[in-house]
Amino acid sequence: MHLLTEALQLRLQVKNMADPRQLTSPSAWLVFIGLLSCSLCSGQTKNDIEKQLDLHFSKYDSSTPGVAVGIVRDGKIALVKGYGTASLEHRIPVSSNTVFQIGSVSKQFTAFAIYLLEKQGKLTLEDDIRKHVPEVPDFGKTIRIRHLLAHSSGIRDQAALLTLAGWRMDEVFTTSQVLRVLSLQRELNFEPGSAYLYSNSGYTLAAEIVRRVSGQTFAEFTRRNIFEPLQMSSTQFNDDHEMIIRNRADSYYKEDGRYKRINLNDAVAGPSNLYTTAGDMLKWALNFEDPIVGDRDLIRRFNEPSILNNGERVVYYSLPGDVGYYAKGQIQKIYRGLNVLSHGGHAGGFRGTFWRFPGQRFAMVLLSNDEHFAQLNDAETVADLYLNGLLKPKQNRGASAAGTSRTIPKPNTSLKDFEGRFYNEEIETAYTARVVNGQLLLTHLRHGDIPLTDAGKDRFTGRIEFPAQFEFERDAAGQVVELRISNFGAKNVKFKRSPNAS
């Protein structure tokens, strides 16, 4: 056992004694004196840590966006502090009251709402989602609620689809619009429960199930059943893009040395769109230690990794010596020898991350309105400061495979073969392929010209808001008849070539 852990346990033993004079042996008195010394120096250690924290975040000031930091230790809120600026236009500093959008960190609240309804006996995780949202197409395979929470449903991601349909990420998105697009889909990315692929659509559907089963809006259900009981008074899901949210920070990115504001018009609550403060997030962290909402059995099951149909845990990422498993809006992993449940979020210029170390009764939240905030690196820095002495040395994952030889595909010889108009009924949109100055372009009414990079026989790469892959299909006579587009969350979206295309 680590020396610090032993000292803490001995300190608790002394604290629980009715009379320290019970320590009659010389060795016991030496321990007691040592613990008193440790107690006296702990305040200095705390001050030193905060000074190092201040130094680390000193890059945020009145001329930059900022970050709010919150810490829980041993069942108590230990620190909530702001750095930098919440509104560059109005010169409002980040404070403990600053409200941030937390992006995909929102997902664990959506999943928790589903678990609360299960506890109330109003649904089960094995329910066919079409029982509650019948407008989801029948794909021939049952999609269960647990598949939504594990990103194993196979349902195409909403942002992946809408951007292919011509939408920009700063446009108004509503749940009803997402449901209409999903209702038009005819194919899945894969068979439900057979694989993992991140899909925000699953959490939009989960929030819609909460709405329909509870008879309340999703925002209202979470307010009454989670936020109010935990006294998270500055926390709410935003299902109205015109809603006034007090103390809300603006989000920013930097271009050519200048900060610019990123407008967020998202009204889809569930996969994202939770607004909260660092202090409120710490109340959420404490609920996992001493439940007010839910109970210990619910939380135990909630923290367990999701499972595929074959019984294997859902792998969120896999690196040499480092595997993260997905657990309903949380990632279960090991950080320098300690068990962690964490998740990051990104929406507009908002970035945030939330980490819990259950074995150490330690949790932290970092919330920022800076697109360029290095949330993972900063989270590791904060963890290293507070858990110094409990952490194993950092592992060197070794050199990357850079420089490994690979076969360079032969370029397409006749780009004219790919010219024509290609249409998809599922997202009701068309692209026109044409050759300009020796390069193949895809043209869309809203996206404009999209340059394609040759990737070998009938294949290309490019970008439609997100990086994408393009593959043209030929018939038996060798004529191009179809274009398939794939991106991070929608695979093989088929665009049929118009018969009269030249």
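Expressed in nm², what is the orientationally averaged projection area of the convex hull enclosing the Cα positions of region 225-378? Could you put the intermediate results ahead of the total?
On the way: hull surface 45.8 nm².
Averaged projected area of region 225-378's Cα convex hull equals 11.5 nm².
Across the options Asn500, Ile226, Thr45, the greatest Cα extent toward the positive end of the charge dipole of the chain (unit charges at beta carbon of Lys, Arg, Asp, Glu) belongs to Thr45.
Report the full-extension gain for the segment Leu376 to His241: residue separation times 0.36 nm, less the Cα-Cα distance, to one decimal in nm. Before the final figure, lay out each step's value.
Values: separation 135, 0.36 × 135 = 48.60 nm, distance 2.85 nm.
Taking Leu376 through His241 to full extension adds about 45.7 nm, to one decimal.
Comparing Tyr316, Phe190, Ala68 along the charge dipole axis of the chain, the residue lying farthest to the positive side is Tyr316, per the Cβ-charge model.
P(r) tail, region 415-497: Cα-Cα pairs separated by more than 18 Å, 34% of all pairs.
Computed about its Cα centre, the charge dipole of region 415-497 is approximately 80 debye, with only Lys, Arg, Asp and Glu carrying charge at their Cβ.
With the simple spin-label model, which puts each label point 7 Å out from Cα in the Cβ direction, the Gln439 to Glu304 separation comes to 5.3 nm. Summarising the amide proton neighbourhood of Thr429: residues at separation of 5 or more, or on other chains, whose placed amide H is nearer than 5 Å comprise Asn424. 3J(HN,Hα) along region 449-455, derived from phi through the Karplus expression 6.51 cos²θ - 1.76 cosθ + 1.60 where θ = phi - 60°, amounts to 7, 10, x, 10, 9, 4, 10 Hz, with x in place of Gly and Pro. GluC sites (Glu not before Pro) within region 223-300: which are DSSP loop residues with at most 12 other Cβ atoms inside 10 Å? Here the sparse-neighbourhood loop sites are Glu242. Each residue of region 84-96 was assigned a 3J(HN,Hα) from its phi angle through the Karplus curve 6.51 cos²θ - 1.76 cosθ + 1.60 (θ = phi - 60°); the sequence is x, 10, 7, 9, 5, 5, 9, 6, 9, x, 5, 9, 5 Hz, with glycine and proline shown as x. Taking a straight line from the alpha carbon of Lys333, these aspartates and glutamates sit under 20 Å away, with near neighbours fewer than eight places off in the same chain left out: Glu289, Glu304, Glu312, Asp322, Asp378, Glu380, Asp384.
In nm, give the distance between the simple-model label positions of His90 and Ser233, each being 7 Å from the Cα along the Cα-to-Cβ direction. Inter-label distance under the simple model: 1.9 nm.
In this model, which of Lys46/Lys254; Lys283/Lys392; Lys59/Lys328; Lys141/Lys491 are farther than 24 Å apart at the alpha-carbon? Please list the in-between numbers first.
Values: Lys46/Lys254 34 Å; Lys283/Lys392 28 Å; Lys59/Lys328 34 Å; Lys141/Lys491 18 Å.
Cα-Cα > 24 Å for Lys46/Lys254; Lys283/Lys392; Lys59/Lys328; rest within.
Here the Karplus curve 6.51 cos²θ - 1.76 cosθ + 1.60, taken at θ = phi - 60°, turns the phi angles of region 293-300 into couplings of 9, x, 9, 5, 5, 4, 5, 4 Hz, with x standing for Gly and Pro. For Lys457, a cut-off of 17 angstrom between C-alpha atoms picks up these lysines, skipping any fewer than 8 places away in its own chain: Lys410, Lys416. Distances between placed amide hydrogens fall under 5 Å for Ile450 paired with Leu442, Thr443, His444, all partners being 5 or more residues away or on another chain.
About the Cα centre, and with charges only on the beta carbon of Lys, Arg (+1) and Asp, Glu (-1), how big is the dipole of the chain? Nearest 20 debye, please. Numbers along the way, then the final one.
Values: 61 positive and 55 negative charges, 146 e Å.
Charge dipole of the chain: 700 debye, to the nearest 20.
The numbers here are math on the coordinates, done by the rules we state, and not lab data. These numbers come from a predicted model, not from an experiment. Positions of Cβ are backbone-derived with ideal geometry, glycine not excepted, and every protein chain shown enters the neighbour counts.
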